[in-house]
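What follows is calculated from the coordinates using simple rules that are stated; it is not laboratory data. The model shown is predicted, which means the values in this text are computed figures rather than measured ones. For neighbour counting, all protein chains shown are included, and Cβ atoms are generated from backbone atoms with ideal geometry for every residue, glycine included.
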Amino acid sequence: MFSLFTTFFKIGLFTFGGGWAMIPAIEKEVVDIKKWLSKEEFLDALVISQSLPGILAVNISILVGQKRFGQKGSLIATLGTVLPSFILILLIAMFFVKIYDNPIVVAIFKGIRPAVVALIIAPVLSTAKSAKIGWRTVWIPGLIALLVWQWGISPVYLILVVVAIGLTIQYFKSRKA
Amino acid sequence: MLYLQLFWVYFKIGLFGFGGGYAMISLIQYEVVEHYQWLSLSEFTDVVAISQMTPGPIGINSATYIGYVTTGSIFGSMLTTFALCLPSFILVVTISKLLLKYNDNLYVRSIFAALRPTIVGLIAAAALLLMNSENFTDWKSIVFCAGAFALVRWTKIHPIWVICIAGLAGYIVYG
């Protein structure tokens with residue numbers, strides 16, 4: 001049980017970027033080294049983690065922990081994953097507040113902010129490609145972006161509406177068939 | 001009251017955060033910047049930058065940071081981080097087995113087919129919202145953004161280095 005904590009702590013501490021960047025590291029530890037899950041079990045866990053909302057790394061920690069050590073295991077694995085970020089960010093938050101007005105820090109962040117925007121534009125293109133967005137479907141993300149950006153509509157409501165639309169479309173498809 | 005709001009906001013983000021970190025940014029931004037105005041847009045951008053440069057998922061990083069900055073206490077951080085993970089626990093316990101069984105179910109597929117382009121739109125909204133005068137102070141900002149975009153798009157360079165280079169350039173140009 002303790003090695004469950006240390007394993008996920010290590011993964012949380014050494015993988016930058018989160019999400020998909022963490023998956024190979026988790027698979028290597030959980031499947032190849034510790035043999036807590038078989039390859040198939042891991043892939044199943046990955047499918048579930050991806051489909052569920054929330055943080056991918058947290059979802060998969062919960063599933064691995066639960067599979068191997070029950071309810072307690074899922075808590076411990078998640079704590080392992082979360083704790084490194086938690087401690088590090090807390091220290092940064094405490095420290096950063098104090099240096100925020102420093103002119104050097106101000107200059108550095110003036111350079112960083114536009115770059116962050118670029119880092120968010122890039123995944124728009126890559127996720128559009130993997131979602132197979134073409135000229136005929138580009139209006140959907142376009143409309144969603146416009147609703148949030150210009151009309152200030154909550155993404156939560158949009159997600160609820162989209163889920164309802166998905167269900168309705170399938171309902172009519174099934175009735176026709 | 002603030003603690004209750006923080007809990008509720010991060011619970012919602014955990015519950016509706018489909019599509020990974022970047023899609024989650026738009027949810028966090030909507031709640032934290034637009035709705036509750038706990039952070040200004042440039043402060044929020046800085047949180048994203050810090051999250052990119054530190055290990056771990058961006059959702060956790062932002063929860064911990066915002067929990068601390070808004071309340072000034074470690075308990076605030078613990079609360080937001082806990083609230084963010086709570087829906088995952090509930091959902092794994094309740095529906096994870098069902099999901100595997102019904103993964104090929106047409107209704108489940110239809111929902112995800114509809115969610116995919118939505119997520120693209122949400123990430124685009126996050127990018128558009130960040131393109132304001134707080135983050136783009138002059139024409140040099142546009143050069144920085146274009147340069148960073150070219151690096152991410154056409155080289156295999158890790159985002160951490162892009163931020164470091166931009167920070168250094170910022171220091172040289174504005175410092």
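List of remarks:
- Cross-link reach is defined here as a Cα-Cα straight distance under 18 Å, omitting same-chain residues fewer than 8 places apart; for A:LYS35 the aspartates and glutamates meeting it are A:GLU27, A:ASP44.
- Rough spin-label spacing in nm, given labels placed 7 Å along Cα→Cβ, for B:ALA150 and A:ARG175: 5.5 nm
- Hull shadow area, averaged, the protein assembly as shown [alpha-carbon convex hull, nm²]: 18.2 nm²
- Net charge of Cβ neighbours under 15 Å - reference B:LEU106; Lys, Arg +1; Asp, Glu -1: +4
- Calculated [222 nm] ellipticity per residue, helices only, for the protein assembly as shown: -26000 deg cm²/dmol; basis is -39500 (n - 2.57) per DSSP H run with n ≥ 4, divided by all residues, nearest 500.
- Stretching A:SER3 away from A:LEU160 to a fully extended chain increases their span by 52.6 nm, per 0.36 nm per residue minus the current alpha-carbon distance.
- Checking every one of the chymotrypsin sites (Phe, Trp or Tyr not before Pro) in segment A:80-177 against DSSP loop status and a limit of 14 other Cβ atoms within 10 Å picks out A:TYR100, A:TRP135, A:TRP151.
- Residues B:MET131, A:MET94, ranked from the fewest to the most other C-beta atoms within 10 Å, line up as A:MET94, B:MET131.
- Relative packing of peptides A:52-60, B:59-67, B:71-79, A:114-122 - highest average C-beta neighbours within 10 Å first: B:59-67, A:52-60, A:114-122, B:71-79
- For the peptides B:40-51, A:68-79, the ranking by mean Cβ contacts within 10 Å, running from highest to lowest, is B:40-51, A:68-79.
- Scalar couplings 3J(HN,Hα) for segment A:31-36, obtained by applying the Karplus form with A = 6.51, B = -1.76, C = 1.60 to θ = phi - 60°, are 8, 7, 8, 7, 6, 6 Hz; x denotes Gly and Pro.
- Neighbour net charge for B:SER141 - beta-carbon separation under 9 angstrom, K R +1, D E -1: +2
- Which listed pairs, of A:LYS39/B:LYS97; A:LYS10/A:LYS98; A:LYS129/B:LYS97; A:LYS67/B:LYS97, have C-alpha distances above 22 Å, in listed order: A:LYS10/A:LYS98; A:LYS129/B:LYS97
- Counted as membrane-span-like here are DSSP H helices of chain A whose alpha-carbon atoms extend 30 Å or more along the helix's own axis and whose Kyte-Doolittle mean is -1.0 or above; these are A:56-99, A:103-130, A:155-176.
- Mean separation of Cα contacts under 8 Å, 6 or more apart, over the residue count of segment B:24-175: relative contact order %: 22 percent
- Cβ-derived FRET efficiency at R0 30 Å, A:PHE16 paired with B:ILE172, nearest 0.05: 0.75
- The mean sequence separation of alpha-carbon pairs under 8 Å and at least six residues apart, normalised by the residue count of chain A, gives a relative contact order of 19 percent.
- Shape call, segment A:57-153: gyration tensor on alpha carbons, a/c limit 1.5: oblate
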